[in-house]
1. Only one of these is over 19 Å from the mean Cα position of the chain (by Cα), surrounded by 15 or more Cβ atoms within 10 Å (Cβ to Cβ) and in contact (Cβ under 8 Å) with a residue 60 or more places away in the chain: Gly201, Gly235. Name it.
2. Going by the conditions given, is Ser38 open to solvent by less than 70 Å² (accessible area, probe 1.4 Å), farther than 21 Å from Tyr189 by Cα and within 14 Å of the ligand (Cβ to nearest atom)?
3. Of (1) without any contact (Cβ under 8 Å) to a residue 40 or more places away in the chain; (2) surrounded by 13 or more Cβ atoms within 10 Å (Cβ to Cβ); (3) more than 10 Å from the ligand (Cβ to nearest atom), Ala128 satisfies all except one. Which?
4. Which condition does Glu137 not pass, out of (1) open to solvent by 50 Å² or more (accessible area, probe 1.4 Å); (2) assigned to a loop (DSSP other than H, G, I, E, B); (3) within 17 Å of Ser183 (Cβ to Cβ), if it passes all the others?
5. Quick check on region 140-169: of everything there that is more than 13 Å from the ligand (Cβ to nearest atom), surrounded by 15 or more Cβ atoms within 10 Å (Cβ to Cβ) and β-branched (Val, Ile, Thr), which residue is farthest from the chain's Cα centre (by Cα)?
6. Would you check which residues across region 57-88 are assigned to a helix (DSSP H, G or I), open to solvent by 40 Å² or more (accessible area, probe 1.4 Å) and more than 11 Å from the ligand (Cβ to nearest atom) and list them?
7. For region 18-32, name all the residues that are under 20 Å from Leu5 (Cβ atoms) and in a loop (DSSP other than H, G, I, E, B).
Amino acid sequence: MDRLLPPGIVQATEKLLVASGAVGARALRWSRSKRMVSVYEAFDWMLPGQFEAFAQRKAFCERQAREGIGNNASQIIVLGAGYDTMGWRLAPEFPGVNFFEIDHPATARFKERGIEAMGQRGNLILIAEDLGERKLEDILKTNELWDQTARTVIVAEGLVMYLPPEAVGDLFCQCAVIAGDGSRIAFSYIPSGADGRPDVGRWTGLMLWLQKVLGEPWIWSIRPEELGLFLKKTGWTNTPALAGTTLKHGVEFYAVATK
Ligand SMILES: C[S@@+](CC[C@H](N)C(=O)[O-])C[C@H]1O[C@@H](n2cnc3c(N)ncnc32)[C@H](O)[C@@H]1O
């Protein structure tokens, strides 16, 4: 993973998890133990390649943010940011760019505490909102730092599979409204199988059940060949040329669309 992960991400994430109170220092040490490595290996056996894919996903999103900034984007927004540290790490490097994050209040509250302890950034704005409850457009309308006409990079990493289908379509439509021309949206998604359900291979049934039991069911998926039309209907143009050479890592697909 060291080969793939952006520099500093491991240290920053460890700091954030402990400082936010999400994970204790002991649990963090335990997560590196041989026993836990076997658990990750077992996980990889159920979802082939997915463990390394988490690193690929992080690298993909950061590449999109950096490329977008290189292409004159002046704001970045990470939807369903969780304990992602990209904004915190990149904010000092790009003082002219505003970094926004939105997450469900249940997670955002912990993260806010962690970021406070690690040192706030003047150009990192954390927003605690349930995207299923309030429209992105309405959330950002009241934020005076948000510029609806600015070239923007929107990142939705590991998010859309948890939202109902109507909410996903609506979210992409709203993303097209809140960002200026030349913006891009980078996201990961789970492909649909022949039965229309998320398809993660041989252990799909078990994984769908596990996610449900864990309280985070996978709801939305799409066939990769249908993505272009879906994006077009929501105001975006599928732009695989920007996504890189490999569009699938582990069980997830990666995509980039432009406006
Ligand atoms: C699997 S995590 C991914 C976190 C991060 N994007 C990453 O890949 O490291 C999914 C995230 O989406 C957030 N999320 C799920 N449903 C949401 C909603 N309705 N509104 C806001 N955030 C939501 C969760 O709180 C969680 O942080």
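The values are calculated or read from the model by the stated rules, or taken from the named source; none is laboratory data. Every value quoted in this text rests on a predicted model; they were computed, and no experiment measured them. Here the Cβ is made from the backbone with ideal geometry for all residues, glycine too, and neighbour counts use every protein chain on show. Just the protein is used for accessible areas: all its heavy atoms, side chains included, with ligands, DNA and RNA removed. Shrake-Rupley method; radii C 1.70, N 1.55, O 1.52, S 1.80 Å.
1. Numbers: Gly201 fails: surrounded by 15 or more Cβ atoms within 10 Å (Cβ to Cβ).
Of Gly201, Gly235, the one residue that is over 19 Å from the mean Cα position of the chain (by Cα), surrounded by 15 or more Cβ atoms within 10 Å (Cβ to Cβ) and in contact (Cβ under 8 Å) with a residue 60 or more places away in the chain is Gly235.
2. Working: open to solvent by less than 70 Å² (accessible area, probe 1.4 Å): yes; farther than 21 Å from Tyr189 by Cα: yes; within 14 Å of the ligand (Cβ to nearest atom): no.
When the stated conditions are applied, Ser38 does not pass them.
3. (3)
4. Going through (1) open to solvent by 50 Å² or more (accessible area, probe 1.4 Å); (2) assigned to a loop (DSSP other than H, G, I, E, B); (3) within 17 Å of Ser183 (Cβ to Cβ) one by one, Glu137 breaks only (2).
5. Ranking the candidates gives Thr152 first.
6. Arg63, Arg66, Glu67, Gly70
7. Once the filter is applied, which keeps residues that are under 20 Å from Leu5 (Cβ atoms) and in a loop (DSSP other than H, G, I, E, B), region 18-32 yields Ala22, Val23, Ser31, Arg32.
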